[in-house]
Each structure stands twice: as C-alpha cells, then as structure tokens.
Amino acid sequence: MKVAFQGVKGAYSELALYEHFGRQVTSVGLDSFDDVFEAVVEGRVDFGFVPVENTIAGTVVENYDMLFSNDIFVVAEVFMKIRHTLLAKRGTSFDDIREAYSHPHALRQCKEFLKKHGIRHMPVYDTAGAAEMVARWERNDRAAIASELCAEIYGMDVLCKDIQTNKTNTTRFFVIVKEENRPDDILCEKTSIAFKTRHYPGALVDCLKIFQEQNLNLTKLESRPIPENPWEYVFYTNFEGGVDSEIVQQALRELENHALFVKVLGSYPKASDQW
C-alpha cells in the first residue's frame, strides 16, 4: 500500500502516517501538497496524508481549498503532538553546536531553547530537509531541528529531545482517497463539509441554526475566499456525526435548501487521541 505525503523522508507527516498505518506501508514523499492530491486523483498512490490544522500555526488553508476543488474524500483524521528534536552528525558534542537549521515555524517553537544555549537559528524550507543537509555537511558545529525519525533515516545523533516551548503543540492530519475509491466500511463519527450561503441578512445564521436544531456539535467553522469570484466565500465546517446517520442526512438536506451549494468533504472516525 502506497501513501503520499508532502516533504522528504523523515518529515513529521511521514512520522504521523507511520503511527496511523504502521511501518509496513510504502511512504511516498512529494514536493508539494498539489502533488499529493494529484497522485491520489490519478491513482498512483492508495492514500494521501496531509496536514490541515495546527494548534499554533492554525489552518493549512491550501489543503482545505484542494479538498474543495478535487474529487477527494476524507476517510480518517489523525492527531500528532509535534516533538522537536535537536539532531547532529554522529559523534558531535552538544557544546560544539553554534547553528540550528529548520523550518521557520520549528525555529520559532524552539526559540527559548536556542536562546538559552546561544545557538543561532537558520531558517530553511523544511525540517526533514534541514536534517538531510546537516547530515551530509562536514561540520560539527551545526544541528537540525526535526523529528526523531530523521536520526534513524540520516544516521544522526539525537542531542536533545522535546526542545519546543509549547508541549501541547499538535497537528491534525487528514487521510484522503479518490472519491470513487472510498471504502464502504468506514466508521463515520465526524463529518467535514463546505458550503456557500445565499445573499441576504442572516443567511449564515440560518444555516448554522440547522446544526443547532439537529443537536449537531460544530467543531470548526472557517471562511475562505473563492478566487474566481471576488468577495464571495466558502464556509468550511466540521461537526460530530456521520453521513450514515439519519440526523446528519436530514441536516444536510435542510442545508441544501438554504445554501447555494453543499459539498461533503469526508466522513470518518473520531481520532482516539486528540491531545
């Protein structure tokens, strides 16, 4: 089974997909999120694995936009705590480290640790890419901030673990499949949809009241512009309940009567460990 993710070997996305699928799957690292969606749509991989939200950085808006614009269905959500690790070439001493390379988000999340130890932060495009670079450089004063998986992949020493300031930093991932390939036996406990309201005062309130009347708990509501239609917006919503429920089906029918359109992005099991 092939699962595509964005990034190079050792990326946090790859670590999370191993935790979800197990190490027996074949992970396929691709350059961009667009490439992941394209690989799923074209059938070159069985699943895609993409981040959609982080408790610090917020929503990964481009992935929600691509869920909306592709014939893709979400079949699982996965939560993973982000634990940053300081890695260096084999035999390197922590006292020798003067520079740390990583993605700007990771560097910001570890700035207190870096400041305390007088280590300069050096931004690069990717956490796992930083580990790959440091591993091949003939320097013992440089380190990378990345996942512990990178130490295994690139033959590096782990100098320090859990160096992030916020210990609850968590990323939410979606497992995606081509719409026509979605399994029939999914346990549906949560649903993600996109909808566009009509243009009159209180249109959004009328749509949201439907969920209240059906006692469906919203867990996310966010608006995104429609590039082709300036100043028009799509609302992305997650709520508890599966599309196989009569209550959810009734709510979606009522929503279709109030909204200009409704698209179900996925229905999937509730992740067992969110925090």
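The values are calculated or read from the model by the stated rules, or taken from the named source; none is laboratory data. All values derive from a computational prediction rather than experimental measurement. Note that we place each Cβ from the backbone using ideal geometry, even for glycine, and neighbour counts take in every protein chain shown.
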Flag if Leu86 is crowded, with 20+ Cβ neighbours inside 10 Å, within 25 Å of Ser267 (Cβ to Cβ) and at pLDDT 95 or above: no
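Residue-wise test of (1) in contact (Cβ under 8 Å) with a residue 60 or more places away in the chain; (2) within 22 Å of Glu180 (Cα to Cα).
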residue	(1), (2)
Lys2	no, yes
Gly10	yes, no
Asp31	no, no
Phe47	yes, yes
Asn54	yes, no
Val61	yes, no
Leu86	yes, no
Please specify each residue of the range 219-257 satisfying the condition of being farther than 25 Å from Asp185 by Cα and polar (S, T, N, Q). Ser223, Asn229, Asn257
Give me the strands (runs of 3 or more DSSP E) completely within the range 82-123, filtered to those with at least 1 residues that are among the acidic types (Asp, Glu) and outside the structural domain of Arg139 (by TED's automatic domain parsing), ordered by residue number. none
Sort out which residues of the range 136-171 are surrounded by 15 or more Cβ atoms within 10 Å (Cβ to Cβ) and more than 18 Å from Asp96 (Cβ to Cβ), and write them in order of number. Ala146, Ser147, Glu148, Leu149, Cys150, Ile153, Tyr154, Gln164, Asn169, Thr170, Thr171
Taking the criterion of being within 17 Å of the chain's Cα centre (by Cα), among the polar types (S, T, N, Q) and surrounded by 13 or more Cβ atoms within 10 Å (Cβ to Cβ), would at least one residue in the range 190-198 satisfy it? yes
For a quick check of your reading of the model, give me the residue pairs whose first member lies in the range 212-233 and is more than 22 Å from Val52 (Cβ to Cβ), whose second is part of a helix (DSSP H, G or I) and aliphatic (A, V, I, L, M), with beta-carbon atoms closer than 6 Å and at least 6 apart or on different chains. Gln214/Ile247; Gln214/Ala251
Exclusive hit being surrounded by 14 or more Cβ atoms within 10 Å (Cβ to Cβ) and either on the phi > 0 side of the Ramachandran plot or in the same structural domain as Tyr64 (by TED's automatic domain parsing) (or both), set Val234, Val175, Val264: Val175
Hey, Cys150 hits all of (1) in contact with a helix residue (DSSP H, G or I) (Cβ under 6 Å, 6 or more places away or on another chain); (2) in a strand (DSSP E or B) but one; which does it fall short on? (2)
Can you give me the number of residues within the range 182-208 that are assigned by TED's automatic domain parsing to the domain that holds Leu218, without any contact (Cβ under 8 Å) to a residue 60 or more places away in the chain and not aromatic (Phe, Trp, Tyr)? 9
Can you list residue pairs whose Cβ atoms sit under 8 Å apart, with the first residue in the range 108-125 being in contact (Cβ under 8 Å) with a residue 12 or more places away in the chain and the second being among the hydroxyl-bearing types (Ser, Thr, Tyr) and surrounded by 17 or more Cβ atoms within 10 Å (Cβ to Cβ)? Count only pairs 6 or more apart in sequence or on different chains. Cys110/Ser102; His121/Ser102; Met122/Tyr101; Met122/Ser102; Pro123/Tyr101; Pro123/Ser102; Val124/Tyr101; Val124/Ser102
Leading residue by the ranking (nearest to the chain's Cα centre (by Cα)) among those in the range 208-234 that are closer than 18 Å to Met66 by Cβ and among the hydroxyl-bearing types (Ser, Thr, Tyr): Ser223
Select from the range 237-254 the residues that are surrounded by 14 or more Cβ atoms within 10 Å (Cβ to Cβ) and touching a strand residue (DSSP E or B) at 6+ places or on another chain (Cβ under 8 Å) and list them in ascending order. Thr237, Asn238, Phe239, Glu240, Gly241, Gly242, Val243, Val248, Leu252
